[in-house]
Amino acid sequence: MIEIKNLYKTFNRLQVLNDLSLTIKDGETKVIIGRSGAGKSVLLKSIVGILKPDAGSIKINGVEVTGLGDKEYDNIRRDIGLVFQGGALFDSLNVAENVGFVLNEFTKLSSSVKRERVAHTLSLVGLKGIEEMMPSQLSGGMRKRVSLARVLCMEPKILLYDEPTSEVDPITADAINRLIVEMHDKLKVTSIVVTHDMNAAYKIADTIAMFYHGQVIADGTPDEIRNSRHPVVRQFVRGESTGPVTEDESLKFGHVK
Ligand SMILES: Nc1ncnc2c1ncn2[C@@H]1O[C@H](COP(=O)(O)OP(=O)(O)OP(=O)(O)O)[C@@H](O)[C@H]1O
Ligand SMILES: [Mg+2]
């Protein structure tokens, strides 16, 4: 369904993706882990076409998307929902307008159907009845859930979540993780979930891929990752500050001299 091959991306002189390849099967939930700055968000943005990779291939349902123009990409994008790491809400629009934004842009549904859809997705993320609130009045976790609702209301076939449970309390986090599992089980969506929460990763993933130095160094079932013998993977999933990876090394990697 999503096939990424030999992807490269450099910013100024910082090499972020360095020959990265990854396949996400139809209906699969793939969790991506890796240190801050490893390029996880860059990959998600490349899939939806916000960032253009320097080289390599991204195929979505067999269609090569890296060379597509804006119009053609819009057709692909309609089926993909990206829940941004920071929420990315429009500050001048209220919650209902934020959630319904894509419905207004891309569908011809009647306003009462749209209103119902917005109310339903808000209740799915545990925020019933906050339609009139403005983004500035929301907590970090609420903003996050509003951005999740905005994506869910489009009923996408592919869902990309960038740290959906950071900044939310543990109970809400569990509810969001359940929602991810439900989308997978009931609606058979294909998902990529970037998370730093290893417990959640083990619970929701079909497979887990770890990014390191611009590549995928491990890709397997939760059990395989938990029991990996790869020293870097072991250190990461156990959360140890001593090992082959030093605390400041991610700052040094990738700087092209
Ligand atoms: N638009 C951009 N312009 C310049 N550099 C960028 C841009 N986007 C990302 N980067 C750089 O690319 C690297 C990878 O960023 P990315 O956001 O993918 O990290 P991440 O793996 O998502 O980290 P985190 O876990 O902290 O979210 C970082 O060093 C970042 O500074
Ligand atoms: Mg990120």
Nearest 20 debye, what's the magnitude of the dipole of the chain about its Cα centre given +1 on Lys and Arg Cβ and -1 on Asp and Glu Cβ?
220
7 Å from Cα along Cα→Cβ at both T246 and V113: what's the point-to-point distance in nm?
6.0
Can you sort Y212, Y73 by how many other beta carbons sit within 10 Å, fewest first?
Y73, Y212
Subtracting the Cα-Cα distance of M1 and S166 from 0.36 nm times their residue separation yields 56.7 nm
Listed residues V168, L179, N199: farthest to the positive end of the dipole of the stretch 159-203 (Cβ charges):
L179
So for D206, D91, fewest C-beta neighbours within 10 Å to most, what's the order?
D91, D206
Peptides 128-134, 33-39: what's the order by average Cβ count within 10 Å, highest mean first?
33-39, 128-134
Fewest Cβ neighbours within 10 Å first, please rank K9, K52, K45 accordingly.
K52, K45, K9
Using the crude model of +1 on Lys and Arg Cβ and -1 on Asp and Glu Cβ, and no other charge, please compute the dipole size for the stretch 1-119 relative to its Cα centre, in debye to 20.
200
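Restricting to DSSP H runs of at least four residues, report the calculated mean residue ellipticity at 222 nm for the chain, -39500 (n - 2.57) per run over all residues, nearest 500 deg cm²/dmol.
Calculated mean residue ellipticity at 222 nm is -11000 deg cm²/dmol.
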Provide the per-residue ³J(HN,Hα) series for the stretch 203-210, in order, calculated from phi with Karplus coefficients 6.51, -1.76, 1.60 and θ = phi - 60°, each as a whole number of Hz, with x at glycine and proline positions.
6, 9, 7, 7, 9, 10, 10, 10
Considering the dipole of the chain built from charges on the beta carbon (Lys and Arg +1, Asp and Glu -1) around the Cα centre, which of C153, S21, T221 is farthest to its positive end?
S21
Explain nothing, just the number: dipole magnitude of the stretch 114-257 about its Cα centre with +1 on each Lys and Arg Cβ and -1 on each Asp and Glu Cβ, in debye rounded to the nearest 20.
360
Looking at the chain, what % of its DSSP beta bridges pair antiparallel, to the nearest 5?
55
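Any read-out appearing in this document is the output of simple, stated calculations on the displayed coordinates, not a laboratory observation. If you're wondering where the values come from, they're calculated on a predicted model, not measured in any experiment. In this analysis, Cβ positions are derived from the backbone assuming ideal geometry, glycine residues included, and neighbour counts consider all displayed protein chains.
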